[in-house]
Amino acid sequence: MVRSSSFRFYSIQEDKHLITVSGICKSFKVAKRTSGVGNAVKALFRREYSEVAALNDISFSIAPGEIVGYIGPNGAGKSTTIKVMSGILVPDQGTCTIMGYTPWLDRVAYVKNIGVVFGQRSQLWWDVPVIDSFDLLRDIYNVPEAEYRSNLKLLAETLDLEDIIRTPVRQLSLGQRMRCEIAASLLHNPSILFLDEPTIGLDAVSKIAVRQFITRINKEKGVTVILTTHDMNDIEALAQRILLIGKGSLLYDGDLTTLRERYVEDSQSDSPSIEDIIVRMYKEYQIT
Ligand SMILES: Nc1ncnc2c1ncn2[C@@H]1O[C@H](COP(=O)(O)OP(=O)(O)OP(=O)(O)O)[C@@H](O)[C@H]1O
C-alpha cells in the first residue's frame, strides 16, 4: 500500500496498473509565419494558425516498479506525453489515471506522488545555493523535517552532492546540476519518477552514476520510472520495457529481448546493438 501525502490511500492490489493512459490526443495551435514585410503587417490584423498534432490516440499502462524507456525521434511527442502525465498539459481527448488521480485535475494532491526531471529545464533557483532550493522544495511539498533530513542525507551520499550543495546553481557544471535536479525531484519520496532526457550532455562517468542511481531507487524503494532518452545506452542499462512513439502515435510496446529477436534475423550480426535496432525500427515505421 502506498500512502499519498494527501491522506488518500492507493492500493496497488486494487489495480495492477499504477499508470493508465487511454486514447490521449494533444494538438498545438501554432501561428503561421510568413516572410516579407507585407505579410508581417497583414499578420498583425489577421493571424493564421495551423495545428500540430503532437499526440494521436496514445494508450498504455504501467505497473508499479517498472522502468519504462519512452523513445522516439525528435518531435515524436515524448515530452508532450510526460507533460500530460505530470499534469502540466491538458490533453484534448483521452484519459490518464495515475495512482487514482487525473494529473491535470488533481494537480496539487497528485504532484506529491511524482518527481519530474526535465534535462533541458531546471527546477532549481539559479542564483541561490542548491541547499536553499532543496529547503524551499521541502516547504512546497510539506515534507516532515525528519523525513527531509534522512532523504537529503541519502541523496547527498549516493549522488555525491556534499561538495556542491552550498554552491549557487549557476556555478555548477551540467553534470553536477543534473545530479542536484534528480535529488530535488526525490526529496519528497515520490512513487513515480518522470525523467525527460536525464543524461543529456553528461560525460560518461556522470551518465553511469545517474544510471546506477536510477537502478538503485527502483530496486530499493520500488520507484516506478518513465524515462525519455536519445541515448540507447540508457535504454540498454535501465529499461525493462520500451515504448516507441513516432509522429505522435505509439508504434511499439514490448521488451528489448523480443525486439532483438525480431531484428536479429535481418541483421549481419548475431547481437545487433540497440542503436542498430532502433535505427531499423525508425526506418521500418518511417518515422525519421
Ligand atoms: N508548446 C508547443 N507549441 C507548439 N508546438 C509544440 C509545443 N510543444 C510541442 N510542440 C510540437 O509537438 C510535437 C511533439 O513535441 P515533443 O516536444 O513532445 O517531442 P519530443 O519527442 O519530446 O522531441 P525531442 O526528442 O526533440 O525532445 C513537435 O512537433 C513539437 O514541435
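We did not get these values from a lab; they are worked out from the coordinates using the rules stated. Since this is a predicted model, take the numbers as computed values, not measurements. Every residue, glycine as well, gets a Cβ built from its backbone with ideal geometry; the counts of neighbours run over all protein chains shown.
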Quiz prompt | Centroid-to-centroid separation of the range 59-78 and the range 162-183 [C-alpha atoms, Å] | solution = 27
Exercise. Restricting things to alpha carbons, tell me how big the range 149-225 is in terms of Rg and Dmax, in Å.
Key: 11.9, 33
Exercise. Counting other beta carbons within 10 Å of each Cβ, put ASP255, ASP276 in order, fewest first.
Key: ASP255, ASP276
Quiz item: Considering only Cα-Cα distances, which of the following residue pairs are longer than 30 Å: LYS26/LYS153; LYS78/LYS219; LYS42/LYS78; LYS16/LYS112; LYS16/LYS83?
Solution: LYS26/LYS153; LYS42/LYS78
Quiz prompt | Sparse-neighbourhood loop sites, trypsin sites (Lys or Arg not before Pro) in the range 35-87 - DSSP loop, at most 15 other Cβ within 10 angstrom | solution = ARG46, ARG47
Quiz item: How would you classify the range 192-252 from its alpha-carbon gyration tensor, with a ≥ b ≥ c the square roots of the eigenvalues: rounded for a/c under 1.5, else prolate if a/b is greater than b/c, otherwise oblate?
Solution: oblate
Quiz prompt | Overall form of the chain per C-alpha gyration tensor (a/c, 1.5; a/b vs b/c) | solution = rounded
Quiz item: For VAL116, which sequence-distant residues (separation of 5 or more, or a different chain) have an amide H within less than 5 Å of its own amide H, given hydrogens modelled in the peptide plane?
Solution: PHE194
Practice problem: Counting other beta carbons within 10 Å of each Cβ, put CYS25, CYS180 in order, fewest first. | Solution: CYS25, CYS180
Quiz item: Tell me, what is the percent relative contact order of the range 67-165, built from C-alpha pairs under 8 Å that lie six or more residues apart?
Solution: 15
Quiz item: Given H placed on each backbone N at 1.01 Å, which residues far from ALA63 in sequence or on other chains put an amide H within less than 5 Å of it?
Solution: LEU18
Practice problem: Compute the relative contact order of the chain as a whole-number percentage, counting only Cα pairs closer than 8 Å that sit 6 or more residues apart in sequence. | Solution: 23
Quiz item: Which order results if ASP135, ASP127, ASP196 are arranged by neighbouring Cβ count within 10 Å, fewest first?
Solution: ASP127, ASP135, ASP196
